[in-house]
Amino acid sequence: MSMFKKIVEAPKNSKFILQGNAAFALGVVHAGYHAADGYPGTPSTEVIDKSLAHVQDRIRVGWSVNEAVAVGVAVGRTIAGYDTVVTMKIPGVFQAGDAISTSAFYTAAAGALVIFAATDYVPSSTQHVIDVRYFLASARLPVLEPRNHQEMYEIAWTAADIGRTFNTPVVVLASGILTHSEGLVITKEPRTITPKETPENLHQWMLMPAIARANYNKATQERIPAIQKWMETSSLVEEIPGAADWGIIANGESSIVVREALTSVDLDQQPSILTLAAAYPIPGERIKAFADKIKGKLFIIEDGDKFLQEKIRLLGVDITGKDEFSTITNWSPEAVLEFLSQHIDIHYTGSEKEIDIKPLMRPPSICPGCPYKAFALTVAKLKKKKQIFAAFGDIGCSTLIYFLNALDTVCCMGAADSMRQGFVMSKPEMANRTISVIGDSCECHSGLDSTRNAVFRNVPGVKIILDNRITAMTGGQPAPSSENNLEGQPHKFSLRKAVAAEVERTVTVDSYNLSQVEKELITALELAEKGEFSALILEGPCVRQVKNNKKTRKLRFDYDKCKKCGMCDMCPGIETDEKGTPHFTNRCVDCGSNTQVCMQRCPFGAIVPLEEGAPSASLEPEFPKAEAKQAVDIKTENLPGSLRLAIRGIGGQGNLFFGKVLAEVAMRTPYADTHIVKGDTHGMAQLGGPVISTFSCGQVFSPVLAPRSADLLVVMEVSEVLRPGFLDLLKPDGTIIFNNFTALPVTARKEDYPDLTAVEKTLEGYRVIKIDANGIAYDLGDRAGRTANVVVLGLLSTIAPFNHIPEEVWLSALMALSPTDFIKSANLTAFRAGKKHSLQ
């Protein structure tokens, strides 16, 4: 049974630490929804992928080929009487804009239609930070913005009830900060909703122009005012009493950021705060009544643009917010404090530590063994030879080959070949020197339209479809190019046949065959000069979907043949030492047992198969057997009022597990009766990029920490301590755990790495505890360093204020999160080694 299914079936008033997406998904099930649809898109994917997909005995769930189709499917389900949620990220809202805005003006009784759209105002994994509330409000759609993880769970009830009561689609606009962080959630009694009966005919879902106009008027003059009146007394509006000298109005996730920020300054009295989980329509009477109580300045803190600020000013309320050209789209506690201190005295003085050393650029990279590698190397080679001028790109993992000089542009999903076509039609002489690049899921999403257009418009050139048979960037969801759909059913769609039906010259290539990739690409470019359009489908499985037993390295270096030419230094699975000698790293995955690209690339035959009978490159060490650990009772008075910690590292170091253990530890203490929250970097960070994770419990509010609030900072990779603002999170008397581990990105040179002596000098004046966690893990037999994070956890458990929690609690939590006996033993050994380090 999946973990999510166990959570779904737990009794009411159960407590869980849940990711925001999982909390919303749990609410969907408990609120009695009948169906869910969507398209994968960070940061919304886990609502279906990690959650609802595992309870298909309770709710009908599926991925559609794109967001517009998903909305259409959802509308059809609601007409049939089903309460339905459809999930997407913000670019998906625009892709589905026609379907969303049209469905807004259906007014007949139906099942609830809830659109769950996750924002990314940082952005972390999206190409823009557009505030979609303006569009949604113009479509007369109610917009809800959950304020915390508990409300992420409960908003599913509220949205469905609004939809059914007022006969309207409802948008849940969830902050990406909430969707991808975790917090304490207490469950409610689940309910069952009987689907509405199917009407005798469907004429009420006809929207010819005259009907659409009448329904727009009805939505504007009746529906929205009725929802607004309801909101005035709803729980979507909450007033937190405080001083009347000044006040704050905050919406959505920014409300907990405000409260977190205010805990870090010494105020004589907290201000009055009005928090809103409703962005449209706004509860105008409540807002005006709140404003009348405030004697001094009234501030507005909202993510996105100035939507609420403008709406509130239309009420005649004098409110201070962002200036006309403000670029703030995602408030942090530090930004809140700086903003407020410009207008009133809050006893805050910003003191960002100046660091002379620039942090290492660490762009996300394609995975070791990725099927895109051979193609990226080929394009970079042909660009160097001036045979390719530009590669027009698309969204997804293929975007990352930009860092390998194999891609030049990105617009939106499906637009790669459309852009190439426009360029070539303007400059016909470039037909044989430009290509477009798109992944298989993006081709199925909207890229096939561009493919068809190239044939329709007679535009010569080359389109590359990188087919790894999955939606990889968002975590490996099935696409039409996959063997089965989300429901586990085989289907009859064939990407090969679909493309071949559009393009006369369609060629399929093994993406791991370096010479064949280059040969077919050069041939296609030559034919483009003669006026022909070719589609090359490069097929190879996403290495993350390949079974682990196919990722054991079967190669070695023959150093007698090696000339140290550096040709093999193009993958995280290989690194060179100070003499230029290459070595395999623990990140080598043997290209998933496909033909290894490094071996094909070596011009001297110096990369050779391991001899038969040679020891495996991934032999697992033996660890002593772990015994079950029982938690102990802890009295509240023995714990600090709160604990806060931040971790910096790189993708793949186990920061997520580190945070999970801390959360599980807190759940075994009285902190479970207060609040527990943790934040993590997701999306492209998993591919070797910079990662920050936070954990806090007790009197805490947000996964985003305020300056000088962290009791402890953990640095898992040396240069990551240099990231702007990280050291500023530490309390004056806080501690830094500094792991002596360095990792050089594939795109960097050794001389690019910051000077280690200078890094240590930067930390002068701080309380620093150094540890070589990776070295300790290696000495324990873990040559891959997979338990280095647990070594650091062991050390952390001995350092104040975290040492107030008994060892039994730490071990109980660690064992609960270790799925197998081997992992239990390995983690126990690593934890004890880290604890022992503190005694040295």
Legend entry - Filter result for VAL665 (at pLDDT 95 or above and part of a helix (DSSP H, G or I)): yes
Inset, instruction - Would you tally the residues in segment 35-74 being touching a helix residue (DSSP H, G or I) at 6+ places or on another chain (Cβ under 7 Å), open to solvent by 20 Å² or more (accessible area, probe 1.4 Å), under 21 Å from ALA110 (Cα atoms) and in a helix (DSSP H, G or I)? - result: 2
Legend entry - Some residue of segment 574-597 being modelled with pLDDT of 90 or more, assigned to a loop (DSSP other than H, G, I, E, B), of a type in the set (D, E, K, R) and surrounded by 14 or more Cβ atoms within 10 Å (Cβ to Cβ): no
Inset, instruction - Could you tell me which numbered condition ASN549 fails, if it satisfies all but one of (1) surrounded by fewer than 17 Cβ atoms within 10 Å (Cβ to Cβ); (2) closer than 25 Å to PRO480 by Cα; (3) without any contact (Cβ under 8 Å) to a residue 60 or more places away in the chain? - result: (2)
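So which residues in segment 75-96 are over 30 Å from ASP680 (Cβ atoms), part of a helix (DSSP H, G or I) and small (Gly, Ala, Ser), if there are any at all?
Going residue by residue through segment 75-96, those that are over 30 Å from ASP680 (Cβ atoms) are 75-83.
This time we only want the ones that are part of a helix (DSSP H, G or I), so: 75-79.
GLY76 - this is the single residue of segment 75-96 that is over 30 Å from ASP680 (Cβ atoms), part of a helix (DSSP H, G or I) and small (Gly, Ala, Ser).
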Inset, instruction - Please work out which residue is nearest to ARG259 (Cα to Cα), limiting yourself to segment 692-724 and to residues that are open to solvent by less than 10 Å² (accessible area, probe 1.4 Å), part of a strand (DSSP E or B) and aliphatic (A, V, I, L, M). - result: ALA710
Legend entry - Residue under evaluation ASP161, criteria (1) touching a strand residue (DSSP E or B) at 6+ places or on another chain (Cβ under 6 Å); (2) of a type in the set (D, E, K, R); (3) open to solvent by 10 Å² or more (accessible area, probe 1.4 Å), criterion not met: (1)
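Going by the structure shown, is LEU26 among the hydrophobic types (A, V, I, L, M, F, W, C), on the phi < 0 side of the Ramachandran plot and either open to solvent by 10 Å² or more (accessible area, probe 1.4 Å) or touching a strand residue (DSSP E or B) at 6+ places or on another chain (Cβ under 6 Å) (or both)?
Numbers: among the hydrophobic types (A, V, I, L, M, F, W, C): yes; on the phi < 0 side of the Ramachandran plot: yes; either open to solvent by 10 Å² or more (accessible area, probe 1.4 Å) or touching a strand residue (DSSP E or B) at 6+ places or on another chain (Cβ under 6 Å) (or both): no.
No, not satisfied.
Does GLU338 satisfy the criteria of being closer than 30 Å to PRO271 by Cα, of a type in the set (D, E, K, R) and in contact (Cβ under 8 Å) with a residue 60 or more places away in the chain?
Details: closer than 30 Å to PRO271 by Cα: yes; of a type in the set (D, E, K, R): yes; in contact (Cβ under 8 Å) with a residue 60 or more places away in the chain: no.
Taking the combined requirement at face value, the residue does not satisfy it.
Return the only residue of GLU808, GLU760 being more than 29 Å from the chain's Cα centre (by Cα), farther than 25 Å from ALA710 by Cβ and in a helix (DSSP H, G or I).
Working: GLU760 fails: farther than 25 Å from ALA710 by Cβ.
GLU808 is the lone residue from the list that is more than 29 Å from the chain's Cα centre (by Cα), farther than 25 Å from ALA710 by Cβ and in a helix (DSSP H, G or I).
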Legend entry - Where a residue in segment 309-321 is of a type in the set (Lys, Arg) and its partner, wherever it lies, is modelled with pLDDT of 95 or more, with Cβ under 7 Å and at least six apart: LYS311/ILE282; ARG313/ILE319
Inset, instruction - Please list, ordered by first then second residue, the pairs with beta carbon atoms under 7 Å, 6 or more apart or interchain, first in segment 788-812 and without any contact (Cβ under 8 Å) to a residue 12 or more places away in the chain, second surrounded by 18 or more Cβ atoms within 10 Å (Cβ to Cβ). - result: ASN803/SER797
Inset, instruction - Report whether or not LYS373 is surrounded by 14 or more Cβ atoms within 10 Å (Cβ to Cβ) and either closer than 18 Å to VAL257 by Cα or free of Cβ contacts under 8 Å to residues at least 40 places away in the same chain (or both). - result: no
Legend entry - Set SER14, SER51: member being under 26 Å from ILE177 (Cβ atoms), modelled with pLDDT of 95 or more and over 20 Å from the mean Cα position of the chain (by Cα): SER14
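Can you tell me how many residues in segment 189-212 are free of Cβ contacts under 8 Å to residues at least 24 places away in the same chain and small (Gly, Ala, Ser)?
The number of residues fulfilling the criteria is 1.
Regarding ASN789, is this residue open to solvent by 20 Å² or more (accessible area, probe 1.4 Å), part of a helix (DSSP H, G or I) and either of a type outside the set (Ser, Thr, Tyr) or farther than 30 Å from ILE366 by Cα (or both)? Before you say what the answer is, go through the steps one by one.
Details: open to solvent by 20 Å² or more (accessible area, probe 1.4 Å): no; part of a helix (DSSP H, G or I): yes; either of a type outside the set (Ser, Thr, Tyr) or farther than 30 Å from ILE366 by Cα (or both): yes.
Here the answer is no, as ASN789 does not meet what is asked.
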Legend entry - Selected residue [part of a loop (DSSP other than H, G, I, E, B) and touching a strand residue (DSSP E or B) at 6+ places or on another chain (Cβ under 9 Å)] from ALA800, ALA784: ALA800
Inset, instruction - Mind listing whichever residues of segment 725-762 are out of contact with any Leu (no Cβ under 8 Å at 6 or more places or on another chain), closer than 30 Å to GLY350 by Cα, open to solvent by less than 70 Å² (accessible area, probe 1.4 Å) and of a type in the set (A, V, I, L, M)? - result: ALA758
Inset, instruction - Have a look at PHE392, PHE423, PHE339, PHE403 and point out the one that is modelled with pLDDT of 95 or more, open to solvent by 30 Å² or more (accessible area, probe 1.4 Å) and either under 15 Å from VAL462 (Cβ atoms) or among the hydrophobic types (A, V, I, L, M, F, W, C) (or both). - result: PHE423
Inset, instruction - Go through ARG433, ARG469 for me and flag whichever is within 24 Å of LEU377 (Cα to Cα), surrounded by 16 or more Cβ atoms within 10 Å (Cβ to Cβ) and at pLDDT below 95. - result: ARG469
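Out of all the residues in segment 187-212, which are closer than 25 Å to GLY81 by Cα and either β-branched (Val, Ile, Thr) or part of a helix (DSSP H, G or I) (or both)?
Initially, segment 187-212 is screened for residues closer than 25 Å to GLY81 by Cα, giving 188-208, 211-212.
Correct list: THR192, ILE193, THR194, THR198, HIS203, GLN204, TRP205, ILE211, ALA212.
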Inset, instruction - Of the conditions (1) among the basic types (Lys, Arg); (2) modelled with pLDDT of 95 or more; (3) surrounded by fewer than 21 Cβ atoms within 10 Å (Cβ to Cβ), LYS89 clears all except one; give me its number. - result: (3)
Legend entry - Any hit, segment 301-322, residues being surrounded by 22 or more Cβ atoms within 10 Å (Cβ to Cβ) and farther than 20 Å from ALA137 by Cβ: no
Inset, instruction - Within segment 246-295, work out how many residues are at pLDDT 95 or above, farther than 22 Å from MET231 by Cβ and of a type in the set (Asp, Glu). - result: 1
Inset, instruction - Return the pairs, sorted by first residue and then second, in which the second residue is open to solvent by 10 Å² or more (accessible area, probe 1.4 Å) and part of a helix (DSSP H, G or I), the first residue lies in segment 22-48 and is over 19 Å from GLU67 (Cβ atoms), the beta carbons are less than 6 Å apart, and the residues are 6+ apart or on different chains. - result: ALA31/TRP157
Legend entry - Qualifying residues in segment 641-666 (those that are in contact with a Gly (Cβ under 7 Å, 6 or more places away or on another chain) and open to solvent by 30 Å² or more (accessible area, probe 1.4 Å)) - the one nearest to ASN739 (Cα to Cα): GLY652
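Yes/no per residue for (1) open to solvent by less than 10 Å² (accessible area, probe 1.4 Å); (2) hydroxyl-bearing (Ser, Thr, Tyr); (3) assigned to a loop (DSSP other than H, G, I, E, B); (4) on the phi < 0 side of the Ramachandran plot:
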{"position": "ASP98", "(1), (2), (3), (4)": "no, no, no, yes"}
{"position": "ALA109", "(1), (2), (3), (4)": "no, no, yes, yes"}
{"position": "VAL114", "(1), (2), (3), (4)": "yes, no, no, yes"}
{"position": "SER124", "(1), (2), (3), (4)": "no, yes, yes, yes"}
{"position": "HIS128", "(1), (2), (3), (4)": "no, no, yes, yes"}
{"position": "ASP131", "(1), (2), (3), (4)": "no, no, yes, yes"}
{"position": "TYR134", "(1), (2), (3), (4)": "no, yes, no, yes"}
{"position": "LEU141", "(1), (2), (3), (4)": "yes, no, yes, yes"}
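The values are calculated or read from the model by the stated rules, or taken from the named source; none is laboratory data. Note that the structure is predicted; figures quoted are calculated from it, not measured. A quick note on method: Cβ atoms are made from the backbone with ideal geometry, for glycine too, and the neighbour counts reach across all protein chains shown. Ligands, DNA and RNA are excluded from the accessible area calculation, which covers all protein heavy atoms including side chains. Shrake-Rupley method; radii C 1.70, N 1.55, O 1.52, S 1.80 Å.
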